[in-house]
Amino acid sequence: MLALRPSVVTLCFGMNDGQYTTSTEAIRANFAAGLEGIVRRLLGEGIRVAVLTPGRAETVATDPPDRAEYNAKGLRALADIA
């Protein structure tokens, strides 16, 4: 993507990063570090960055938590970081 020399990039990820499970400090720290690394790289290239919150999970691969709990708690924790 950097080869295309964009002036603006939107970032929207996190559903898989939450690992479809109850949020833990390790999951949140890994997500924060990855997001920060991408944002720093883009800003270093002079690219404006818009960070969006993770989308909702329509289905969840593991149970628990169920879909509503994962969206409300697991992805909410990542959205707070974003």
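Once all Cα-Cα distances of the chain are split into 10 Å bins that start at 0, what whole-number percent is in each one?
Taking every Cα pair in the chain, the percentages come to 19, 44, 25, 11, 1.
Ignoring ligands, DNA and RNA, what percent of the accessible area of the chain is carbon or sulfur (1.4 Å)?
Carbon-and-sulfur percentage of accessible area, whole number: 53.
Taking the 0 to 90 degree range and rounding to the nearest ten, how far is the long axis of helix 25-44 tilted relative to the main principal axis of the chain, both from C-alpha atoms?
Compared with the principal axis, the helix lies near 20 degrees.
Considering the dipole of the chain built from charges on the beta carbon (Lys and Arg +1, Asp and Glu -1) around the Cα centre, which of ALA3, ALA33, ALA57 is farthest to its positive end?
Of the listed residues, the answer is ALA3.
Considering only protein heavy atoms, with the full assembly of protein chains and a 1.4 angstrom probe, order TYR20, TYR70 by accessible area, largest first.
Sorted descending by solvent-accessible area, the residues read TYR20, TYR70.
Per residue, how large is the accessible surface of the chain? Use a 1.4 angstrom probe and give square angstrom.
65 Å²
Note down the net charge around PRO6, summing +1 for each Lys or Arg and -1 for each Asp or Glu among other residues with Cβ under 15 Å from its Cβ.
+2
The values are calculated or read from the model by the stated rules, or taken from the named source; none is laboratory data. Note that the structure is a prediction, hence the values are computed from the model and not measured. Don't worry about glycine lacking a Cβ; one is built from the backbone with ideal geometry, like all the others, and counts go over all protein chains shown. Calculation scope for accessible area: heavy atoms of the full protein, side chains included, ligands and nucleic acids excluded. Shrake-Rupley method; radii C 1.70, N 1.55, O 1.52, S 1.80 Å.
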